[in-house]
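Trainee: Below you will find the structure I want to go over with you.
Rule-based calculations on the coordinates, nothing more; no lab input. Small disclaimer: the values here were computed from a predicted structure and weren't measured. Cβ atoms come from the backbone with ideal geometry, glycine included; neighbour counts cover every protein chain shown.
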Amino acid sequence: MLDRGDQWQIAYVIPKGGYQQIRTAGIEALRQSIIEIVPNLQDRIEQLQDWSQIAFLSVESNRLKRWYCPGLLLIGDAAHVMSPVGGVGINYAIQDAVVGANVLSQPLKEGRVELHDLAKVQRQRDVPTRVIQAFQSLVQQQIFARVLNSEQQFQPPAFLRLPFLRDLPARLIAFGLFPSHVKKNL
């Protein structure tokens, strides 16, 4: 929930397939569910008048089979859309750019970028992208879905309570499967 002067922005997570149920129940039902979560909005919930005030973001993750063609290399969201789980999208876009710079700097200096050079960037980034997308999907299904579909208090998975495993997801999200570094002699 963000206070923007006299406007409030609330992030309200709806389980997959639940938007239509909420929409069918009506704007008053939405207001009531917001008040249950954020009671101190009771005095201004009436400002929510109609569905045009609601922004709906459907979350999905996917990737292209091929990120390149002659004269073009797609990276970041153009090549692979990441789920917002873990906020890795920008990290992976930057890592794509670093690998792209490392692989393509010499061919670009020589004025001869070949298709195999572009393919090399995808080969180096494809496995880390697939792994983090699978990890995001697992977290979404095994943790977030349970939280959203349950009245029980959230309990983190047991492995997150073990000190040597607790930091592993954060390191994977922050640095990726194979951390990328810019070569010194670009």
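Trainee: For the stretch 24-97, which chymotrypsin sites (Phe, Trp or Tyr not before Pro) are both in a DSSP coil and crowded by at most 11 other Cβ atoms within 10 Å?
Mentor: Sites meeting the loop and neighbour criteria: 56.
Trainee: Please rank 177, 72, 104, fewest neighbouring Cβ atoms within 10 Å first, as an exposure proxy.
Mentor: The most exposed by this proxy come first: 72, 177, 104.
Trainee: Give the order of 129, 24 when sorted by the count of other beta carbons within 10 angstrom, beginning with the fewest.
Mentor: Going from least to most buried by this count: 24, 129.
Trainee: Also: Using a Cα-Cα cut-off of under 20 Å, which aspartates and glutamates could be cross-linked to residue 184, ignoring same-chain neighbours fewer than 8 residues away?
Mentor: Here the aspartates and glutamates satisfying the reach criterion relative to residue 184 are 96, 110, 117.
Trainee: Would you indicate which of (i) 53, 21, 13; (ii) 41, 21, 15; (iii) 30, 24, 17 is the value of semi-axes √(5λ) of the Cα gyration tensor in Å derived from the coordinates of this structure?
Mentor: Of the labelled values, this structure produces (ii).
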